[in-house]
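Encoded as structure tokens, the structure appears first; notes follow it.
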Amino acid sequence: MKNITQPDIVEVLKRSQDATARGINCIQIGKIEKISDNQTCEVVLQIRRRVPDPAQGEKVIDMPLLVDCPYVVLGGGKSYIDMPIQVGDYCLVLFNDWNMDLFWKEETVGEPLNNRKHSLSDGIALVGISPETQARTMDGDKVRIIGKSGDGGDLKAAARLDDEVKSTMQDDNKMWSWVSSVNAALQTLATTPISTTVATPAGPGTGLAPPLLASMASFFANPTNKPDDLTGKITSASEEVEIG
């Protein structure tokens, strides 16, 4: 009769703990695969996992794609910071303790819809982590906001103290038309005798020639010759904004 080896209780408990631990997801590193308009994304987890296999004992498999994964937007009240998250960005995926569908879909407080815990279906993406090969340059002294948006690298930045303000006729036609008109009036003034003898209540006196005076008064009194509140446009600003 074949001897039956009695199972070692310590080994049994260890295998049971390992099996339980494999089913618990806490925090993992992922890469953004797709971004949706409803503040969710698809994430590829950056690890592979060993699973039991009848033929080989164990095999290595890719983790399933995380879909409809909400991503964190820093904000409070009606204010928030809109970061241009892009496909290929790395993120931390935080797995909720319980099923979070009730909160996400209905913003409701209640019992979880089922008993799943630390499931791949309840991940939340926090974008911002980078590998050492893509480490960012950190100032260590100031708060800085740095960024470009758009595939073409169009600069979308805030203007701040000491920034250059550039304006061209193409960008700001009304402002430059006004500047040209004022310049023409000044040129006329520069080539016209400044004083002449004019009649005053007290008798002959000196002052601006009436035709020139009337022309300048008419020019500045015309609303179309003056820039309004919308005139002026910043066409160059800092790519980097420092606070502090």
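Just so you know, all these numbers are worked out from the coordinates, no wet-lab data involved. What you see is a predicted model; the values in this text were computed from it and never measured. So basically every Cβ, Gly included, is an ideal-geometry build from the backbone, and we count neighbours across all protein chains shown.
Compute the Cα gyration tensor for segment 1-66, then decide on rounded, prolate or oblate, letting a ≥ b ≥ c be the square roots of its eigenvalues: rounded whenever a/c is under 1.5, prolate when a/b is larger than b/c in the other cases, and oblate in all that remain. Before the final figure, lay out the partial values.
On the way: a/c = 4.91, a/b = 2.71, b/c = 1.81.
Prolate is the answer for segment 1-66, as a/c is 1.5 or above and a/b outweighs b/c.
Which of rounded, prolate or oblate describes segment 9-134 when judged by the alpha-carbon gyration tensor and an a/c cut-off of 1.5? Numbers along the way, then the final one.
Details: a/c = 2.48, a/b = 1.49, b/c = 1.66.
The shape class here is oblate.
What distance in nm separates the two pseudo spin-label positions at residue 176 and residue 130, each 7 Å out from Cα along the beta-carbon direction?
Each label point is offset 7 Å from its Cα along the Cβ direction, giving 3.7 nm.
Of the listed peptides 93-101, 174-182, 80-88, what is their order by residue-averaged count of other C-beta atoms within 10 Å, with the highest listed first?
In decreasing order of mean packing, 93-101, 174-182, 80-88 become 93-101, 174-182, 80-88.
How high is the FRET efficiency from residue 37 to residue 169, r the C-beta distance, R0 30 Å, rounded to 0.05? Display every interim value, and only then the final one.
Details: r = 38 Å, r/R0 = 1.28.
The calculated FRET efficiency here is 0.20.
What does the C-alpha gyration tensor say about the overall shape of segment 57-106? Classify as rounded when a/c is under 1.5, otherwise prolate if a/b is larger than b/c, or oblate. Mind showing how you got there, number by number?
Numbers: a/c = 3.18, a/b = 1.60, b/c = 1.98.
It is oblate, given that a/c is not under 1.5 and a/b is not larger than b/c.
Could you tell me the calculated FRET efficiency between residue 63 and residue 139, based on Cβ-Cβ distance and R0 = 35 angstrom, to the nearest 0.05?
On the way: r = 36 Å, r/R0 = 1.02.
Here the calculated transfer efficiency is 0.45.
Note down the nm distance, to one decimal, between modelled labels 7 Å out along Cα→Cβ at residue 13 and at residue 111.
Between residue 13 and residue 111, the label points sit 3.3 nm apart.
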